[in-house]
1. Any chance you could run the full-extension gain for residue 270 through residue 143? It's 0.36 nm times the residue separation minus the Cα-Cα distance, nm to one decimal.
2. Quick one: if you stick a label point 7 Å off each Cα along the C-beta vector at residue 55 and residue 104, how many nm between them?
3. Over the stretch 1-117, what is the mean sequence separation of C-alpha contacts under 8 Å (at least six apart), divided by residue count, expressed as relative contact order in percent?
4. Rounded to two decimals, what ratio of Rg to Rh does the stretch 389-482 give with C-alpha atoms and a Kirkwood Rh?
5. Report for the stretch 4-127 the percent antiparallel among DSSP-assigned beta bridges with both residues inside it, nearest 5.
6. Sort 111-119, 377-385 by packing, meaning the average of other beta carbons within 10 Å per residue, with the highest value first.
7. Can you give the calculated 222 nm mean residue ellipticity of the chain, where each DSSP H run of n ≥ 4 adds -39,500 (n - 2.57) and the sum is split over every residue, rounded to the nearest 500 deg cm²/dmol?
8. Quick check: residue separation of residue 2 and residue 178 times 0.36 nm, minus the Cα distance between them. What number comes out in nm?
């Protein structure tokens with residue numbers, strides 16, 4: 001039997017991999033391949049942190065394949081052209097992959113499917129990254145959802161299929177001759193501390209899930225908003241790269257509830273699964289409204305009067321964590337050092353960007369895309385449009401996070417700020433989130449001089465809030481033609 005090519009993309013795992021399982025079940029040799037295609041993964045689409053994670057995850061996948069008698073073929077270039085070469089080289093009769101849902105990826109897949117099916121190959125694609133296909137979830141009018149709660153309720157009525165399992169020790173049949181695998185040529189600007197913070201790969205993702213379900217999930221609802229503790233699953237990058245699937249997560253939570261006969265087994269578990277639902281919602285929206293990567297879902301925000309930033313001074317202060325607002329700066333410095341930021345803090349820094357600095361949400365999203373190891377286009381788009389008030393189920397634009405209050409509420413003792421803004425480490429908690437309110441002698445004792453050791457706020461909260469609301473009213477007036 002002629003070989004089957006399994007084209008890996010955002011499904012860098014062996015377990016619960018529908019395309020791989022289908023190829024194994026088919027019989028015959030299996031040729032796993034990953035293609036770095038500049039069209040969908042090049043500069044501007046996959047940031048430095050994402051490329052760092054990708055390389056290490058691919059190495060882990062290759063090692064796992066080799067343990068089963070196979071290997072991962074790495075190529076770089078136009079995916080259609082590379083696949084043509086591979087089909088010819090190995091004499092493939094089948095081409096399988098797990099579907100992607102980003103606009104450029106979907107367009108590429110459609111062309112590849114048409115071309116290779118017309119050439120006589122057995123071409124099949126599968127859902128390997130979501131609980132439900134976006135096209136299969138609709139409201140009562142048959143239209144896409146634009147509000148999360150009814151979307152997730154509908155998903156919950158559909159059930160979730162069990163993850164597919166590749167038997168322990170099962171070998172993959174090798175082709176008569178392995179095609180060449182190229183050297184890694186992708187530009188990579190490594191960050192040494194990323195390796196201290198993360199362990200990419202399927203096995204690490206599964207271990208993280210086991211640890212979280214066993215010891216962290218019960219208190220997830222209480223701890224997930226506290227950035228100083230390890231209260232989240234930290235599985236976002238693993239989900240993005242497909243090192244673990246949402247079905248595996250669902251199954252692990254369900255298994256946890258077997259003893260009690262209740263599912264979800266706790267409030268923490270229910271809130272955690274709802275976050276998986278939010279990820280599903282993000283992909284649902286991107287699938288049905290692909291323009292939202294660049295334009296607001298709510299059309300009236302197309303005319304929003306964004307502020308000017310001559311010379312990019314405010315942009316640089318925000319990127320470097322030098323805004324003068326400790327909770328904002330802590331988040332941006334955590335992002336720079338680890339390639340990740342706590343979700344609550346993501347909301348705070350995004351709100352600060354679009355409502356205090358009043359700069360376009362697309363620019364903020366682009367920076368996150370460059371710096372996050374879990375830079376997922378669907379999640380990033382939904383999150384930034386939510387913060388800007390211009391997307392589905394979005395926070396109203398007039399809901400403006402006060403960074404000082406947010407810091408005092410979610411980092412009451414200042415542990416998070418002290419970790420990431422060490423120049424403020426000795427400032428008393430009472431003044432930590434607003435050091436400009438501290439008496440000079442208190443700052444002197446803490447070794448801090450504002451403007452020298454730590455910047456003064458680049459904007460004043462009350463004034464920035466007022467200007468943001470005025471801009472919102474101008475947009476509304478322009479919409480009405482007043």
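1. Here the answer is 43.1 nm.
2. Between residue 55 and residue 104, the simple spin-label model gives 2.0 nm.
3. 39 percent
4. Reported Rg/Rh (Cα atoms, Kirkwood Rh): 1.13.
5. 0 percent
6. Highest mean packing first, the order is 377-385, 111-119.
7. Computed ellipticity for the chain at 222 nm equals -14000 deg cm²/dmol.
8. Full extension of this stretch gives 62.0 nm more.
Every read-out reported here was derived from the displayed coordinates using simple, explicitly stated rules and does not represent laboratory data. Since the structure is predicted, the reported quantities are computational estimates derived from the model, not experimental observations. Cβ sites come from the backbone with ideal geometry, for glycine too, and all protein chains shown count toward neighbours.
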